[in-house]
1. Of these, B:SER179, B:SER171, which one is within 14 Å of another protein chain (Cβ to nearest Cβ) and out of contact with any Cys (no Cβ under 8 Å at 6 or more places or on another chain)?
2. Right, A:PHE209: part of a helix (DSSP H, G or I), modelled with pLDDT of 90 or more and surrounded by fewer than 22 Cβ atoms within 10 Å (Cβ to Cβ) or not?
3. Only one of these conditions is not met by A:LEU195: (1) assigned to a helix (DSSP H, G or I); (2) more than 14 Å from chain B (Cβ to nearest Cβ). Which number is it?
4. Taking the condition of being free of Cβ contacts under 8 Å to residues at least 12 places away in the same chain, among the charged types (D, E, K, R) and in a helix (DSSP H, G or I), how many residues in region A:88-142 meet it?
5. Select from region B:100-144 the residues that are among the charged types (D, E, K, R), farther than 18 Å from B:ALA86 by Cα and within 14 Å of chain A (Cβ to nearest Cβ) and write down the one among them that is surrounded by the fewest Cβ atoms within 10 Å (Cβ to Cβ).
6. So is B:LEU94 within 25 Å of A:LEU157 (Cβ to Cβ), within 14 Å of chain A (Cβ to nearest Cβ) and outside any strand (DSSP E or B) or not?
7. Determine if region A:38-56 includes at least one residue that is β-branched (Val, Ile, Thr), more than 24 Å from the chain's Cα centre (by Cα) and within 14 Å of another protein chain (Cβ to nearest Cβ).
8. Any residue in region B:174-198 that's on the phi > 0 side of the Ramachandran plot: show its pairings with residues that are modelled with pLDDT of 90 or more and part of a loop (DSSP other than H, G, I, E, B) at Cβ separation under 6 Å, as long as the two are six or more apart or on different chains.
Amino acid sequence: MNRRALLFATLALLLCWEAAALLLNKDVLPPPTVVAVTFFRELPGELGKHFAASFYRVAVSVMVSVALAAPAGLVLGQSKRLNRLFSPFVYLLYPVPKVVLLPVLLLLLGIGDLPKIAIIVLILFFQILVLVRDQAAAIRPELIQSVRSLGAGRRALFTYVYLPASLPAILTALRQSVGTAVAVLYVAELFATRLGLGYYIYINGSTYFDYPAMYAGVVAMSILGLGMYFTVDWLERRLCRWQYVI
Amino acid sequence: MISVRDLSFAYAPGQPVFSGFNWTVNAGELWAVLGPSGCGKTTLLYMLAGLRTPQGGQVQINGQVITRPRPQTGLILQDYGLLPWATVRANVQLGLRLHRFYGPDGRHAPRNERIADLLPAVDHWLERLGLLPVADKFPGQLSGGQRQRTAIARTLVLGPDLLLMDEPFASLDAPTRESLQLLLLDLRAEQNLTTVIVTHAIEEAAFLGRRILVLTQPPISEPLIIDNPGAGREPRGAYRGRPEYQQMCSRLRALLDPAA
């Protein structure tokens, strides 16, 4: 994405926000200038602490999801037999809204970071699994045959063909699920915790009625999502350079 | 070199493609396997390559029964089989990387192969096949002819003694196809490579195959072999203009379609 275009869009959105705040003229929608002051004042203190907690949870969730789902997807994509066995389960479980399992996870896994990470992993796992599986299954048989003829067995095919072929699918899955991950994180942080941006936004909005602080939390959460989105973009340009040259 | 003994293969029960098929290829020969789509010629090549297992009988290469890909056999397919995410140079190095991955175990890579000895071959073949200017490009940026030359370079880097090709030039335009056919004849003569090229094109079989195996209607038991002594002789391009070539094409055409 063009940097200047992004900067321009950011400024335009801030202007809209400013205009809306002026028109509405209520405490519940403070202008971005006020929020910015709060944001930078709170960032080294309270806000930074909550941001770090949320960042940790979402980063670990993403890494665990990729580490579990990518190999599973590769195996299913490679083996027709295993895929036949498991695809009905994936088909049934994929559309189940996993976020409703949060209370169950809280009861089972306690109140620490674990249930929050688990719920995000549960959601990302299926999205990555399905995309990686389909990508691995779509590899042309001719490619596999000619690499086998050069001497590749199962292990080398995995390393030199299946894994690099699935990288774009892993990154696409991440790009699509970053938004969901942050949204679920917000919901997860409303329960049984006093740490995290979800808690920070909720407590400032509904208990302290400190709207500038609440919006500072919203901005921090957006930056968290946006930062992950940018990271995926950056990884894609670095690792999948072949897709960008024509 | 290649000895096919009593080979049987069927896609479905009761529909044999090969049944009790015998065929011999001697070292250094250039064979074309000609036949219509679905006659089993690709299947035959895959069995020679060790990528498919015969249901009966066996394929032997240099006395060794083929049950899996043999490291000294090179295979070139119509759709190139290049890794889209690797540059031309990395694609050409792929065989060496795979052999290093396993080490010289005799299964995936020849015993007593030393990768260091093969490294100069990468630049040699990139240059010989005119690929140095595009060595850092990805397959998606290349023409069909360049892609197929990359696949050929990748195979030759490993110094094979047998080259198997499945419709290698079928998706190329006519001038590119003809220049690659000439290149193949040159390379084969230089390296004294035993070569089997599968094709559905009568002109290609007549131009390249010193000996031609014609596969007609399955099930195939007896090999139908046509000798074509003029193919591949110096000057290599000239054969296409000769009456023997025209006669060979007519003869093959009549064999493939007796009604015509």
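The values are calculated or read from the model by the stated rules, or taken from the named source; none is laboratory data. What you are looking at is a predicted structure, and each value in this text was computed from that prediction instead of being measured. Cβ placement follows ideal geometry from the backbone for every residue including glycine, while neighbour counts extend to all protein chains displayed.
1. Details: B:SER179 fails: within 14 Å of another protein chain (Cβ to nearest Cβ).
Result of the check over B:SER179, B:SER171: B:SER171.
2. On the way: part of a helix (DSSP H, G or I): no; modelled with pLDDT of 90 or more: yes; surrounded by fewer than 22 Cβ atoms within 10 Å (Cβ to Cβ): yes.
Spelling it out, it is not the case that A:PHE209 is part of a helix (DSSP H, G or I), modelled with pLDDT of 90 or more and surrounded by fewer than 22 Cβ atoms within 10 Å (Cβ to Cβ).
3. Of the numbered conditions (1) assigned to a helix (DSSP H, G or I); (2) more than 14 Å from chain B (Cβ to nearest Cβ), the odd one out for A:LEU195 is (1).
4. 1
5. So the first thing to find is which residues in region B:100-144 are among the charged types (D, E, K, R), and the list is B:100, B:105, B:107, B:111, B:113-114, B:117, B:123, B:127-128, B:136-137.
Add one more test, that the residue is farther than 18 Å from B:ALA86 by Cα, and what stays is B:105, B:107, B:111, B:113-114, B:117, B:127-128.
Subsequent filtering for residues that are within 14 Å of chain A (Cβ to nearest Cβ) retains B:105, B:107, B:111, B:113.
Values: B:ASP105: 13, B:ARG107: 14, B:ARG111: 10, B:GLU113: 19.
Going through the qualifying residues, I end up with B:ARG111.
6. Numbers: within 25 Å of A:LEU157 (Cβ to Cβ): yes; within 14 Å of chain A (Cβ to nearest Cβ): yes; outside any strand (DSSP E or B): yes.
The answer is yes for B:LEU94.
7. Step one: list which residues in region A:38-56 are β-branched (Val, Ile, Thr), which gives A:38.
Keeping just the survivors that are more than 24 Å from the chain's Cα centre (by Cα) gives A:38.
Narrowing further to those that are within 14 Å of another protein chain (Cβ to nearest Cβ): none.
Scanning region A:38-56, I find no residue that is β-branched (Val, Ile, Thr), more than 24 Å from the chain's Cα centre (by Cα) and within 14 Å of another protein chain (Cβ to nearest Cβ), so the answer is no.
8. B:ASN192/B:GLY28
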